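Shown next, in C-alpha cells, is the structure this report addresses.
The values are calculated or read from the model by the stated rules, or taken from the named source; none is laboratory data. All of these numbers come straight from a predicted model, not from anything done at the bench. Here Cβ is always computed from backbone atoms with ideal geometry, including for glycine, and neighbour counts include all displayed protein chains.
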Amino acid sequence: MFDKNKKLIFSGIQPSGTFTLGNYLGAVINWNKLQDDYNCVYCVVDMHAITVKQEPAKLRQNTLEAYALLLACGIDINRSVLFIQSHVKTHAELSWVLSCSTQYGELGRMTQFKDKSLKHADDINAGLYTYPVLMAADILVYNADLVPVGIDQKQHLELARNVAQRFNGRYGETFIVPEPYIGEVGSKVMSLQNPESKMSKSDDNVNAYVLVIDDKDTIIRKFKRAVTDSDTEIVYKEGKDGINNLMTIYSAVTGDSFDKITADFSGKGYGDFKLAVGEAVADKLSPIREEYLKIIADKDYLKKCYTEGAEQALRLSQRVVNKVYRKVGFVDKV
Ligand code: ATP
Ligand code: LTN
C-alpha cells in the first residue's frame, strides 16, 4: 500500500472528547493534506489517555468517536493506516526497551508532566511520567521521518529524537531520527471567550470552543458571542487578540489573506464579521458532521476499518521490534 519512495509520517491524537475547531485546524487538517505526499500512519492513542483517570465506558466511546471523526475529516484508509493504539502490541513492547534508554532526569524536565502533575495531584502515576517514552515508541516503531504536532508537543518530540540517537549510539543504526512538522495556518486557535488562551475542549465554558460536530446554529451562536475589543476596524493588529483569532480562523477556512479580509469587510461592523466567520466555519464543518453521524451509526464499518488498520500497523511495526530485540541481545523466538 505504501510507496517506498515517499517519506513516512506518524501522528497520534488523544481520545479525550470530541475534537474542537482548534484540533481540526491545528492538527487534523494537516494530517489530511499530508496524505497526498507521504505514507501516513495515524492513531488514536487510548493508552496515553489512561495516564489520567478515565471512566472505562466513556473512554471506549471517546475512542470510537475519535476514530470515526478522523474518517469523517478525510483520513482515507485506502491510502493511510488508521488504527487504535492499544490494538497494536508493538507500541508497548518497544516502549519498555526504550525506557531503558531514557534517563529519569530527562523525563522530569517535561513541562507536560509538570503541568499534569499539578492538575492531577492525587494521581501522579508512573505512566504519566513515562508518557513521552510511549510516544517515542509510537513514532520510532514505524521509523517515521516526520511527525506533525502542535507546538505543545515539540518537547516530547525532542525527547524521542534524543532516545533514538542514544539507542543508535549504543546498539548501532536502528532508528530514523524523526523531525517535527509544525503546520502554519491555525497552529494555535484561541478561545472565543478568552482569546489569550488556547481553544481547549476541557474549558468549563462551552462558548469558548467550537466542536467539529456542533450544528450550524450552535456554531453561529458561539461566534456571535465571541469576545472582541471596543475598536471597530477588522484588521490584524497587536492588542486585538479576539479579532486576530477570528481573522485567523476565517483565513484558515476560506483561504483568504488578512489583507483581503480587511478590504472585504471595510465599513462593516464586528457583528457582520462574526456572522460571516460563523457561517464560513459552519459550511466547512457541516459535511464532516454529516459524514461523522453516518459513520458512528455504522458499527460494523467502523470495526472493519480499525481491524484492518491494526493489522497493517502490526505488519509495519513488527519488523522494527524484531530488529530491536535482536540488537539488545534477546534470544530469537525461532
Ligand atoms: P485539551 O483541549 O483538552 O487541552 P487538546 O485538544 O490539546 O486537549 P490533544 O489531543 O493533545 O488535546 O491535541 C491534539 C492535537 O491538536 C495536538 O497536535 C495539539 O497541538 C492540537 N491542538 C489542540 N488544541 C489546539 C488549538 N487550540 N489550536 C491549534 N492546535 C491545537
Ligand atoms: N502526545 C500527543 C499525542 C501523541 C502523539 C504520539 C503525537 C501520542 N503519541 C506520537 C505524535 C506522535 C498529544 O497529546 N497531542
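Under the condition of being among the small types (Gly, Ala, Ser) and assigned to a helix (DSSP H, G or I), which residue from the range 141-187 is nearest to the chain's Cα centre (by Cα)? Step through it out loud before you land on a result.
Of the range 141-187, the ones among the small types (Gly, Ala, Ser) are 144, 150, 160, 164, 169, 172, 183, 186-187.
Still in the running and assigned to a helix (DSSP H, G or I): 160, 164, 169.
On the way: ALA160: 17, ALA164: 22, GLY169: 30 Å.
Among those that are among the small types (Gly, Ala, Ser) and assigned to a helix (DSSP H, G or I), it is ALA160.
Of all residues in the range 115-123, none satisfies being touching a residue at least 24 places away in the same chain (Cβ under 8 Å) and of a type in the set (A, V, I, L, M).
Mind telling me which of the residues ARG170, ARG161, ARG109 ends up being at pLDDT 95 or above, within 15 Å of ligand 2 (Cβ to nearest atom) and basic (Lys, Arg)? If you could, list the steps in order and put the result at the bottom.
Working: ARG170 fails: within 15 Å of ligand 2 (Cβ to nearest atom); ARG109 fails: within 15 Å of ligand 2 (Cβ to nearest atom).
Testing whether each residue is at pLDDT 95 or above, within 15 Å of ligand 2 (Cβ to nearest atom) and basic (Lys, Arg) leaves just ARG161.
Which of the residues that make up the range 191-227 are farther than 19 Å from THR18 by Cβ and modelled with pLDDT of 95 or more?
The first filter runs over the range 191-227 and keeps only residues farther than 19 Å from THR18 by Cβ, leaving 194-197, 224-227.
Within the range 191-227, ASN194, PRO195, LYS224, ARG225, ALA226, VAL227 qualify.
Residues considered: LEU118, LEU70, LEU94. Of these, the only one that is within 13 Å of ligand 1 (Cβ to nearest atom) and either farther than 15 Å from ALA313 by Cα or aliphatic (A, V, I, L, M) (or both) is LEU70. Of all the numbered requirements in (1) near ligand 2 (Cβ under 8 Å from one of its atoms); (2) under 14 Å from THR51 (Cβ atoms); (3) surrounded by fewer than 20 Cβ atoms within 10 Å (Cβ to Cβ), ASP152 misses one, and that requirement is (2). In the range 188-289, counting only helices (runs of 4 or more DSSP H) that sit wholly within it, the ones holding 2 or more residues that are over 26 Å from the mean Cα position of the chain (by Cα) span 216-224, 258-264. Residues in the range 192-220 that are in contact (Cβ under 8 Å) with a residue 40 or more places away in the chain and farther than 19 Å from PRO287 by Cβ: LEU192, PRO195, GLU196, LYS198, MET199, SER200, LYS201, SER202, TYR209.
Checking each residue in the range 13-45 for being more than 24 Å from ALA280 (Cβ to Cβ), within 13 Å of ligand 2 (Cβ to nearest atom) and buried (at least 22 other Cβ atoms within 10 Å of the Cβ) picks out PRO15, CYS40, VAL41, TYR42, CYS43, VAL44, VAL45.
Among the residues that make up the range 157-173, is at least one of them more than 10 Å from ligand 1 (Cβ to nearest atom), under 24 Å from GLY22 (Cα atoms) and either in contact (Cβ under 8 Å) with a residue 24 or more places away in the chain or of a type outside the set (D, E, K, R) (or both)? Quick ask: steps written out before the conclusion?
Looking only at the range 157-173, we keep the residues that are more than 10 Å from ligand 1 (Cβ to nearest atom), and these are 157-173.
Retained after the next criterion (residues that are under 24 Å from GLY22 (Cα atoms)): 157-158.
Still in the list and also either in contact (Cβ under 8 Å) with a residue 24 or more places away in the chain or of a type outside the set (D, E, K, R) (or both): 157.
The answer is yes; a qualifying residue exists.
Within the range 21-54, take every residue that is over 20 Å from ALA310 (Cβ atoms) and aromatic (Phe, Trp, Tyr) and give me the one that is farthest from ligand 1 (Cβ to nearest atom). Taking the candidates together, the pick is TYR38. Scanning for something surrounded by 14 or more Cβ atoms within 10 Å (Cβ to Cβ), touching a strand residue (DSSP E or B) at 6+ places or on another chain (Cβ under 6 Å) and without any contact (Cβ under 8 Å) to a residue 60 or more places away in the chain, does the range 278-288 turn up at least one residue? So far as the range 278-288 goes, no, none of its residues is surrounded by 14 or more Cβ atoms within 10 Å (Cβ to Cβ), touching a strand residue (DSSP E or B) at 6+ places or on another chain (Cβ under 6 Å) and without any contact (Cβ under 8 Å) to a residue 60 or more places away in the chain. Based on this model, can you work out whether ASN143 counts as on the phi > 0 side of the Ramachandran plot and either surrounded by fewer than 22 Cβ atoms within 10 Å (Cβ to Cβ) or more than 12 Å from ligand 2 (Cβ to nearest atom) (or both)? Yes. Any idea which of ASP138, ASP123 is assigned to a loop (DSSP other than H, G, I, E, B) and closer than 20 Å to ASP46 by Cα? From the options ASP138, ASP123, the qualifying one is ASP123.
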